[in-house]
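The values are calculated or read from the model by the stated rules, or taken from the named source; none is laboratory data. This one's a predicted model, so the numbers in the text were calculated from it and none came from an experiment. So basically every Cβ, Gly included, is an ideal-geometry build from the backbone, and we count neighbours across all protein chains shown. For accessibility, only protein heavy atoms count, side chains too; no ligands or nucleic acids. Shrake-Rupley method; radii C 1.70, N 1.55, O 1.52, S 1.80 Å.
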Amino acid sequence: MIDVIGQISDVERTLGSRTLPAGQARVMTISQTYAAPVEDVWDACTSAERIPRWFLPVSGELKVGGRYQLEGNAGGTVERCDPPHSFAATWEFGGEVSWIEVRLTEVEGGRTRFELEHVAHVDDQRWAEYGPGAVGVGWDGALLGLASHLAADGSGVDPAAAVAWMASDEGRRFMTLSSERWAEASIAAGTPSDEARAARDRVTAFYTGAPAS
């Protein structure tokens, strides 16, 4: 059984901005520390055989310059790779291009800090409507999947059962709490609280099917 509150609390979420050649971009960062050595976490994140066991089936060439495609989701090009510590790739979905970077850091006790940064150009209207939770809830689900995969006791969400789990009361609670935490990160980054909470309600309704308040 998933410890929903524990998983949500173990994840750190921050927001920022960055100036790119094409203009100002928004930066979302999500991180969690896992009780696994960095080499194992690296393999879980870069092996075409292991990625489907916690995230999504993947095809293509997982090497610098190679194209990848996640089944039913984003694809892109691997731009940089520094094993076992970091890789970066484009994240292409719905005709839009953004960028992701995964960084792994060894911490005491043989553990590994996983940090994912997602950089995207998002117009002010769309950001005001949905805020970071539109993408953030999905990334929370990915970190839950990785935590489940790396759990020594075999607990967690099996990818084959993930869709059914997300539709369960426990899954909806997970997504609701994730949406709430992303709203808190948005407020901490300077978004007026009423705007952040209104966006939170719309995101929660989208993911859980519950009516927005």
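What the table shows:
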| item | result |
| --- | --- |
| Exposed-site-free run, longest, the chain (rule: GluC sites (Glu not before Pro); DSSP loop; at most 12 other C-beta within 10 Å) | 72-213 |
| Low-density loop positions, trypsin sites (Lys or Arg not before Pro), the range 23-75 - DSSP coil, at most 12 other Cβ in 10 Å | Lys63 |
| Kirkwood hydrodynamic radius over Cα pairs of the range 1-121, then Stokes diffusion coefficient at 4 °C and 1.567 mPa s, in µm²/s | 84 µm²/s |
| Taking the range 14-171 and dividing mean pair separation by its residue count, relative contact order in percent (alpha carbons under 8 Å, at least six apart) | 23 percent |
| Cα shape, the range 123-213, gyration tensor, a/c 1.5 rule | prolate |
| Convex hull volume per residue in cubic angstrom - Cα atoms of the chain | 127 Å³ |
| Amide H contacts of Val122 (H built 1.01 Å from N, under 5 Å, at least 5 apart or other chain) | Arg26 |
| Lys/Arg +1, Asp/Glu -1 at C-beta; the range 111-209 dipole; positive extreme among Tyr207, Phe174, Gly136 | Phe174 |
| Most to least accessible of Cys81, Cys45 (protein chains only, probe 1.4 Å) | Cys81, Cys45 |
| Counted charge near Pro52, where neighbours are those whose Cβ lies closer than 14 Å (Asp, Glu -1; Lys, Arg +1) | -2 |
| Arg67 versus Ser9: modelled label distance in nm, points set 7 Å from Cα along the beta carbon direction | 4.6 nm |
| DSSP H segments from the chain that extend 20 Å or more along their own axis, Cα-based, with Kyte-Doolittle mean of 0.5 or above | 133-150 |
